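Let me begin by presenting the structure, written as structure tokens, before commenting on it.
The values are calculated or read from the model by the stated rules, or taken from the named source; none is laboratory data. Note that the coordinates shown come from a computational prediction; the quantities given were computed from them, not determined experimentally. Please note: Cβ atoms are built from the backbone with ideal geometry, for glycine as well, and neighbour counts cover all protein chains shown.
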Amino acid sequence: MLVAIRNVVELATHLTMTQFDLIIRQAYLGEHPQYAHQAVDLGITNGKFSAIAPCLTADAQAELNATDCFISPPFVESHIHLDSALTIGQPRWNESGTLFEGIEIWRDRKQNLSFEDVQARAIATLKCQAEQGVLFVRTHADVSEASLIALKALLAVREQVKDWLTLQVVAFPQDGLWRRLENLDLMQEAIQLGADAIGGIPHYELTREDGVASVEKIFELAQKHERLIDIHCDEIDDEQSRFLEVMAAQTIRTGLGSRVTASHTTAFGSYNNAYAQKLLGFLQNAQLNIIANPLINITLQGRGDSYPKRRGLTRVKELWQHGINVSFGHDCIQDPWYSLGTGNMLDVAMMAIHACQMTGRSEMTACYEMITTQGAQTLHVCDRYGLEIDKPASFLLFAVPNAYEVLRQRLLPQWVYHNGQCLVETPPTLSHWHYSPSP
């Protein structure tokens, strides 16, 4: 008992006497496990959170008044293709709006890629995302070309932005792993160059057997080289495309668990309910991650339907209800597959709320977590993410008191902080009425 009392006294003295580099005053923490919906002070020292309490009385070199503001961990972009971002209309527009025309257009466009071209577009996209609160990004890099220009450029970008954003690069064989013999050699080279994760696209292989073999090979490479896995899986309306079960089986057998991610899985929305229920059990056992890309999925999928048209999304709500980690991504920003997009993760979450019918309060909270904490789990960065003591002080401040208002209004963060330093400040916009009624 005396030891416990002494510890409490020492903690109180620490909170009273310690000088912080910065104190964020009276911000709301939302669904925080200890201070849910409560205004608190957050002390920052040497770029990390060093204290969180209802009131810090210590001195600080600087203070930021966050009264009535909501503090959030940074947004996480779980799935994007930076090598193709901002190429809309080059060399032509995708008039059919289909996945496969997009692949054909990109096959033509990537013949003219240069290191500088990919680098400039990627950095421009990341800066736009950072302004909107995105500080963690996983990008896929096409490794189907012998030059590996896309991969090399994005690995260079990863180094260029590391002081203000965490970027992961997935080696992604856009044309499939087994379509050409040299594709496997290119994947091996991409791993040696430093790709963070290994990707694949089994539903685009020439046969189902090739698709299964590609998944098995990816797991083998990931284990050998200690890499994460992120596979484009069943991104098709075909209810017979069932590579997600292959991924679940491989994850269970290898024990890789949360190091494995299945992206898109849109065919899951077309499976019959009996099979879907069985698969949900497999996924619970595997404990892999699922990434949905609501904007692009609802745009590309269902193109072959008349009416009723499928929504083309994986079963986000059911996956969440079964405790499976789900996060969201843009996938594309102004490229051959998606002509719109600004990089705002709130647009992605808002589409999910509508298309997945997640309008309950807890469901909307879950959608917010799918662009924050659950995205961090997908990227395997939880050790350096979150509003917790000794974690890097990277956060967003919004001029509203909770995540619901952030979602409803799709607000820009007023402040974006990275490791205790202000990265971006965006003053709130004001509307001025000039109308006056007639006398």
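A quick yes/no check of all residues on (1) within 25 Å of MET247 (Cα to Cα); (2) crowded, with 24+ Cβ neighbours inside 10 Å:
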position: ASN297; (1), (2): yes, yes
position: GLY302; (1), (2): yes, no
position: LEU319; (1), (2): yes, no
position: CYS332; (1), (2): yes, yes
position: HIS354; (1), (2): no, no
position: GLN357; (1), (2): no, no
position: GLY360; (1), (2): no, no
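State which residue is nearest to ILE324 (Cα to Cα) when the search covers only region 218-267 and only residues that are without any contact (Cβ under 8 Å) to a residue 40 or more places away in the chain and hydroxyl-bearing (Ser, Thr, Tyr).
The extreme case among them is THR251.
The conditions are (1) at pLDDT below 95; (2) touching a strand residue (DSSP E or B) at 6+ places or on another chain (Cβ under 7 Å); (3) not acidic (Asp, Glu), and ALA195 fails exactly one of them. Which is it?
So ALA195 meets the others, but not (1).
Being in the same structural domain as LEU177 (by TED's automatic domain parsing), among the aliphatic types (A, V, I, L, M) and touching a residue at least 40 places away in the same chain (Cβ under 8 Å), is that true of even one residue in region 199-217?
Checked against the condition, which is being in the same structural domain as LEU177 (by TED's automatic domain parsing), among the aliphatic types (A, V, I, L, M) and touching a residue at least 40 places away in the same chain (Cβ under 8 Å), region 199-217 yields no hits at all.
Each row is one residue, and each column tells you yes or no for (1) free of Cβ contacts under 8 Å to residues at least 12 places away in the same chain; (2) within 26 Å of SER50 (Cα to Cα).
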| residue | (1), (2) |
| --- | --- |
| SER362 | yes, no |
| ALA366 | no, no |
| ILE371 | no, yes |
| ASP383 | yes, yes |
| VAL406 | no, no |
| GLN421 | no, yes |
| SER438 | yes, no |
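Would you mind telling me which numbered condition in (1) in contact with a Leu (Cβ under 9 Å, 6 or more places away or on another chain); (2) crowded, with 20+ Cβ neighbours inside 10 Å; (3) more than 26 Å from LEU155 (Cα to Cα) VAL246 fails?
So VAL246 meets the others, but not (1).
Which of the residues belonging to region 383-426 are exposed (fewer than 13 other Cβ atoms within 10 Å of the Cβ) and within 25 Å of VAL137 (Cβ to Cβ)?
ASP383, ASP390, GLN409, GLU425
Quick check: is even one residue across region 360-381 assigned to a strand (DSSP E or B), within 24 Å of ASN46 (Cβ to Cβ) and under 21 Å from the mean Cα position of the chain (by Cα)?
no
Looking only at helices (runs of 4 or more DSSP H) that lie completely in region 234-303, which have at least 3 residues being more than 24 Å from ALA366 (Cα to Cα) and out of contact with any Ser or Thr (no Cβ under 7 Å at 6 or more places or on another chain)?
Once the helices (runs of 4 or more DSSP H) in region 234-303 are filtered for at least 3 residues that are more than 24 Å from ALA366 (Cα to Cα) and out of contact with any Ser or Thr (no Cβ under 7 Å at 6 or more places or on another chain), what remains is 243-254.
Go through region 49-72 and give me each residue that's surrounded by 16 or more Cβ atoms within 10 Å (Cβ to Cβ), in contact with a Lys or Arg (Cβ under 9 Å, 6 or more places away or on another chain) and either in a strand (DSSP E or B) or modelled with pLDDT under 95 (or both).
Passing the criteria: PHE49, LEU64.
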